[in-house]
Amino acid sequence: MDSANSDSPRSRRQPGGPRASRKHTPKVNTKGLYQKALWQAFVKLDPRVELKNPVMFVVWLGTIITALMTINPNLFGPTPGDNLRVFNGLITVVLFLTVVFANFAEAVAEGRGKAQADALRSTKSETTARKVMPDGSVQSVSSTDLRRGDRIRVVAGDIIPADGEVLEGVASVDESAITGESAPVLKEPGSDVASSVTGGTRIRSDELLIRVTSDPGKGFIDRMIALVEGAERAKTPNEIALTVLLAVLTLIFLIVVATLPTIAYYVVGSSVSVALLISLLVALIPTTIGALLSAIGIAGMDRVAQFNVIATSGRAVEACGDIGTLVLDKTGTITLGNRLAEEFIPVNGHSLEEMARVALAASVFDQTPEGRSIVRLTEEQGAKVDFDTSKAEGIEFSAKTRMSGTHLPDGGEVRKGAVDAIKGFVRSRGGQLTPELDTAFERVSRLGGTPLAVCQDRELYGVIYLKDIVKPGIRERFDQLRRMGVRTVMLTGDNQITASVIAEEAGVDDFIAEATPEDKIEVIQSEQAQGKLVAMTGDGTNDAPALAQADVGVAMNSGTQAAKEAANMVDLDSDPTKLIDIVTIGKQLLITRGALTTFSIANDIAKYFAIIPAMFATAGIGSLNVMGLASAQSAVLSALIYNALIIPALIPLALTGVKFRPLTANELLQRNILIYGLGGVVIPFIAIKLIDLVVAAVGLA
Amino acid sequence: MKLADLPNGTLPVKLPESTFFLLTSQWRKRPLPLQLFLLLCLNLVTAPVVQAASGGELSRDNAYALGLLGLVTLGLCVYLFVVIFQPERF
């Protein structure tokens, strides 16, 4: 965003109502999801697919070996025991179900992603585009034939065929297909916030000349579709690290189990059944997290998409969870953004009426919300326009002059704008400054408002107090972020005093007043130099370098194409506050993964106590059978059945994520170790005992 | 591949050229059946060792099965090492 202009009037589209109450517009159709997932669970038994998941591949191989041992129980040498064929058969069935449940978890998550992708895809349909040829003639082509750089003309009623940038024309566009907002948005060329259009949206009035900015299948929505469908889902760094950990654990347990018979033969003097060894291996390797790992990742992407945010990589979503610093704009993010004139403070002995008259003259051509609110306040004071507006000329606000105003028909000049700029204007006209102006400026700034000075030619009239309201509840959200260890930095074009007051009121950790776009990059670089990950939002072309520099850059959908290209996420609702929610989703993703890993590994203890006494019953370690399980066979079966059933039982948790609580990293660690660590130790003891009672009662073993 | 490149001179048996081409092309197209075949061939070496070590307790079938199980376990170890060192491939 233009920094000097960062707090200038700008019509930001705010979503209607609280976000939680709004429905995601491209509705996700989950009909038949579970039937399809069940079918996919069997399709995924293909060894080439299973190879992608090391833990489940080991279980899959184990299933084949126990299946062979069901056919011939003495395949690997004479094995002691009764009913071995039935016992091995039961082990095979349970192991097979473990693999199927793991595939099912992944298939459900993928199915939800696909449903999400279908919903997104429904916003894109093949349409006919009017392509403007280099000679100016218009040719009808299919939207799929459009290439980057092509120029197209769209008229009222058309669906915009591709992402693009407006070159000519002013039109209102209905973006409800992607954002859910029914109010049309004004699109015009050259503007930071309104010059980009998205394919799939509908033009409501007038016409536009658009330059296509993406090749077919390369637009934002296409990228998101590929991502939620899993087609382009590359493993994120955290997933890779966890995969390595799981493979190391699996390898260690494989070596332990493979060398166990030798030691057992030496100590106990009897051989151990290979089926029992496989059961022990499967019980010990972290099957729960191995089965749910990819489902957790896909569900995380899905949650971001449900929030109407398009992420270009899973890496970006995950990085959100590790964010250390949030760089936020003041206007529209921390404050409501629609600043309204609250009070006139006359100086130089002028009366309130005189000041209201000059303020009205300076604002009569100003169509920004601030300008209109000034006009309203002057009318409340009884001021009237006392010149012929058709002969007067409006002077627009610019970031360079930082003031706007009117050339009066009699040659007079009225101006309103930043106090420094107006001081310069008055001085240049030979006028005198007054300390009263500084007092008024300070007073307004200390209230957290924006002071606008008003003058006519060389005469200062006073200061307008523009009230900026901090968004309700924003302080609590920053408090939450601080507890989570996230630092917030506010950037504003306002003066130092106003910025400090707003920063104090909103509870941000740091602020930068009178900021320029370069300041943004500097802040990001200095935070990154301290080893922190930085997130920021932006919508203007001059935000693009900072968006690219930030670890998580969220561009507003209403922003320019350059900003959207540089960012790794695009918010379809153009709501800058959403950055805070995205951080929450990222943290939730990481916490869920951590919690389930802890749970999975903690489960090992109970399974160990179930299987080892059963395996070496003859060695006189029966006292290790602390759960008092009915028999050796029922103990092994119970542990394996628990191992299989815990996967579908945890699918809902993997898909919805662990409930997020804004706690510090230490508190979170303690809490999760207590719930998922201690719970992971205790729950299987109870569950295995219960399953054992059922197994013994049914007479399975 | 030129005919001169064929390693007929180095192989203990003289392979017909067509068989050699078939093997090399199949190795590229579908390596798994050939790998399984080589695994079974390797087991021809392992199984007698297993049987000899068991002191006659195991039948010949058991020895072959155990030899194969050992090779599968070894293969699994190699696979897990590949996962640990090149996790991005999985």
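Of the residues A:Leu68, A:Leu45, A:Leu75, A:Leu51, only one is more than 30 Å from A:Val108 (Cα to Cα), modelled with pLDDT of 90 or more and among the hydrophobic types (A, V, I, L, M, F, W, C); which?
A:Leu68
In segment A:71-83, which residues are touching a Phe, Trp or Tyr at 6+ places or on another chain (Cβ under 9 Å) and surrounded by fewer than 20 Cβ atoms within 10 Å (Cβ to Cβ)?
A:Gly81
Which one of these does A:Arg357 not meet: (1) surrounded by 20 or more Cβ atoms within 10 Å (Cβ to Cβ); (2) touching a strand residue (DSSP E or B) at 6+ places or on another chain (Cβ under 6 Å)?
(2)
Residues being surrounded by fewer than 18 Cβ atoms within 10 Å (Cβ to Cβ) and within 21 Å of A:Leu579 (Cα to Cα): count how many of those fall in segment A:488-506.
Count: 2.
Return the total of residues in segment A:656-699 being out of contact with any Leu (no Cβ under 6 Å at 6 or more places or on another chain) and more than 30 Å from A:Arg482 (Cβ to Cβ).
18
Quick check on segment A:664-678. Is at least one of its residues surrounded by 12 or more Cβ atoms within 10 Å (Cβ to Cβ), modelled with pLDDT of 90 or more and in contact with a Phe, Trp or Tyr (Cβ under 7 Å, 6 or more places away or on another chain)?
Checking segment A:664-678: at least one residue is surrounded by 12 or more Cβ atoms within 10 Å (Cβ to Cβ), modelled with pLDDT of 90 or more and in contact with a Phe, Trp or Tyr (Cβ under 7 Å, 6 or more places away or on another chain).
If I go through segment A:679-701 residue by residue, how many of them are assigned to a helix (DSSP H, G or I), buried (at least 19 other Cβ atoms within 10 Å of the Cβ) and in contact with a Phe, Trp or Tyr (Cβ under 8 Å, 6 or more places away or on another chain)?
5
Counting only residues that are among the polar types (S, T, N, Q) and either buried (at least 19 other Cβ atoms within 10 Å of the Cβ) or touching a helix residue (DSSP H, G or I) at 6+ places or on another chain (Cβ under 8 Å) (or both), which one in segment A:30-58 is nearest to the other protein chains (Cβ to nearest Cβ)?
Restricting to residues being among the polar types (S, T, N, Q) and either buried (at least 19 other Cβ atoms within 10 Å of the Cβ) or touching a helix residue (DSSP H, G or I) at 6+ places or on another chain (Cβ under 8 Å) (or both), the top hit is A:Asn53.
Please count how many residues of segment A:89-110 are within 19 Å of B:Ala65 (Cα to Cα) and either acidic (Asp, Glu) or within 14 Å of chain B (Cβ to nearest Cβ) (or both).
Looking only at that region, the number is 0.
Among the residues of segment A:291-327, how many are over 25 Å from A:Gln525 (Cβ atoms) and among the charged types (D, E, K, R)?
The qualifying residues number 2.
Can you tell me which of A:Asp386, A:Asp410, A:Asp457, A:Asp438 is modelled with pLDDT under 85, out of contact with any Pro (no Cβ under 7 Å at 6 or more places or on another chain) and farther than 30 Å from A:Thr577 by Cα?
Of the residues listed, the single one that is modelled with pLDDT under 85, out of contact with any Pro (no Cβ under 7 Å at 6 or more places or on another chain) and farther than 30 Å from A:Thr577 by Cα is A:Asp386.
Which residue out of A:Gly190, A:Gly217, A:Gly199 is away from chain B (no Cβ under 14 Å), buried (at least 19 other Cβ atoms within 10 Å of the Cβ) and modelled with pLDDT under 85?
That would be A:Gly199, the only listed residue that is away from chain B (no Cβ under 14 Å), buried (at least 19 other Cβ atoms within 10 Å of the Cβ) and modelled with pLDDT under 85.
If you scan segment A:367-393, which residues turn out to be out of contact with any helix residue (DSSP H, G or I) (no Cβ under 7 Å at 6 or more places or on another chain), outside any helix (DSSP H, G or I) and surrounded by 18 or more Cβ atoms within 10 Å (Cβ to Cβ)?
A:Thr368, A:Ala392
With segment A:449-547 as the region, which helices (runs of 4 or more DSSP H) entirely inside it contain at least 1 residues that are within 30 Å of A:Val358 (Cα to Cα) and under 29 Å from the mean Cα position of the chain (by Cα)?
Of the helices (runs of 4 or more DSSP H) lying wholly inside segment A:449-547, those with at least 1 residues that are within 30 Å of A:Val358 (Cα to Cα) and under 29 Å from the mean Cα position of the chain (by Cα) span A:496-506.
Quick one: B:Phe21 ticks every box in (1) at pLDDT below 80; (2) assigned to a helix (DSSP H, G or I) bar one, so which box is it?
Result: B:Phe21 fails condition (1) only.
Looking at A:Leu245, A:Leu260 in this structure, which one is over 19 Å from B:Leu71 (Cα atoms), part of a helix (DSSP H, G or I) and more than 7 Å from chain B (Cβ to nearest Cβ)?
Answer to the selection: A:Leu245.
Step by step: first the residues of segment A:596-614, then only those that are under 13 Å from A:Ser279 (Cβ atoms) and hydrophobic (A, V, I, L, M, F, W, C), then the one that is surrounded by the fewest Cβ atoms within 10 Å (Cβ to Cβ). Which residue is that?
A:Ile612
Take the residues of segment A:108-142 that are in a loop (DSSP other than H, G, I, E, B) and of a type in the set (S, T, N, Q): which is modelled with the highest pLDDT?
A:Ser137
Name the pairs whose Cβ atoms lie under 7 Å apart, with the first residue in segment B:67-80 and more than 7 Å from chain A (Cβ to nearest Cβ), the second hydroxyl-bearing (Ser, Thr, Tyr), and 6 or more positions between them or separate chains?
Filtered contacts from segment B:67-80: B:Gly67/B:Thr46; B:Gly70/B:Thr46; B:Leu71/B:Thr46.
The values are calculated or read from the model by the stated rules, or taken from the named source; none is laboratory data. This structure is a prediction, so every number in the text was calculated from the model and none was measured. Cβ: placed from backbone, ideal geometry, glycine included. Neighbour counts: every protein chain shown.
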